[in-house]
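Here the structure comes first, spelled out in structure tokens, and everything after it is commentary.
The values are calculated or read from the model by the stated rules, or taken from the named source; none is laboratory data. On a predicted model such as this, the values are computed, not experimentally measured, just so you know. As a convention, Cβ positions derive from the backbone with ideal geometry for all residues, glycine included, and neighbour counts pool all protein chains shown. Accessible surface areas use protein heavy atoms only, side chains included; no ligands, DNA or RNA. Shrake-Rupley method; radii C 1.70, N 1.55, O 1.52, S 1.80 Å.
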Amino acid sequence: MIKKSIAVMGSQLDLGAVRKGVDMGPLAIRHAGLISKIRDIGYAVKDYGDVIPCVAESEGNPRLRYEKEINDANEKLYRKVLSAHQKGALPIILGGDHSIAAGSISATAEHCGKIGVLWIDAHGDFNDEQITPTGNIHGMPLSAVCGCGPDSLVRFTEARVDPHHTAIIGARDLDPLETKKLKSKGVSVFSISDVHNFGIRKIMEEAVSIVSDGTEGIHLSFDMDALDPENAPGVGTPVLNGLTNREGFVICEVLSDMGRLLAMDLVETNPLLDRRNATGILAAELILTAIGKTDYQLFGI
Ligand SMILES: [Mn+2]
């Protein structure tokens, strides 16, 4: 078990994505019993509530849609996550679309210094205002926190993550220019084929060594669309042929066993598209596993 208390917080942000509904993700994950189940594992836990973004008047720059509202919400989230780190708690951040990671990861990097980022996602999220095919900011946060643009998305801090300390697992829907940029900046990408050819344990071994080597620890950013839509139907941008539930849990188990988790995002849960909160429940269980819940636990003994 990580010897820390847990700080749960969320961001009800959906302006980075096209399909609406991920703003309710944090509520769906809480309704799956997250807070009491964290307490059951044996942690002190406090729920700091959600950042609620301003109502958007217009989308603004079509290459960075809703930039102002997203940045304002992320600045608030950044302060909340930073404050949780300063109190010695492990922050768990519930999304919201993936653009919230520009706020959360920046806070971890600001507090901890050199960090590794493990990005579990069907997508690369490594676009910027020049190469984006859509202008949707949820396709850009990994690039932003690595200092590869857009800089405006991380305007509240100088802290950046070295792309060489960053690994993506589960990728299967990358844009062509994004792929080129990921390669040129040195991000390690483990596609779904890599997972199925070599096995999730082998891929995790490699990924974890990349993000741990010379870093203070790992910020895990888990996008529910990394999983197969059969298991996680409640996501805005589903992509066929995803990770199995078991593979998702192994990722979290390995991180829990290592004891080097600094913070975790769990994003892109969309209750409007879900089946009886299956995706919200799965999201909560993945979080619990990452912080030490096991299948066979001697509660309080
Ligand atoms: Mn994502």
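Numerical summary
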{"quantity": "Convex hull of Cα atoms in the chain, direction-averaged projection (nm²)", "calculated": "13.6"}
{"quantity": "Equivalent ellipsoid semi-axes, segment 157-211, via Cα gyration tensor eigenvalues times 5, rooted, Å", "calculated": "21, 16, 8"}
{"quantity": "Of Gly116, Gly259, Gly60, the one that fluctuates the most in a GNM where the chain has Cα springs shorter than 10 Å", "calculated": "Gly60"}
{"quantity": "Ser83/Ser193 FRET efficiency (R0 45 Å; Cβ-Cβ; nearest 0.05)", "calculated": "0.65"}
{"quantity": "For the chain: accessible area per residue (Å², 1.4 Å)", "calculated": "40"}
{"quantity": "Cross-link partners of Lys20 among lysines (Cα-Cα below 21 Å; sequence separation of 8 or more within a chain)", "calculated": "Lys68"}
{"quantity": "With 5 Å bins from 0: P(r) over segment 36-79, alpha-carbon pairs, percent", "calculated": "5, 19, 18, 14, 11, 9, 8, 8, 5, 1"}
{"quantity": "Residue among Ser191, Ser99, Ser58 with the largest mean-square fluctuation in a Gaussian network model of the chain, springs linking Cα atoms under 10 Å", "calculated": "Ser58"}
{"quantity": "Mean Cα-pair separation over length for the chain, i.e. relative contact order, pairs under 8 Å, 6 or more apart, %", "calculated": "23"}
{"quantity": "Fluctuation leader among Pro271, Pro150, Pro133 - the chain, Gaussian network, Cα springs under 10 angstrom", "calculated": "Pro133"}
{"quantity": "Label-reachable residues, segment 255-276, where backbone N falls under 12 Å from a point 7 Å from Leu27's Cα toward its Cβ", "calculated": "271-272"}
{"quantity": "Whichever lysines have a C-alpha closer than 28 Å to that of Lys183, once near sequence neighbours (fewer than 8 apart) are set aside", "calculated": "Lys114, Lys202"}
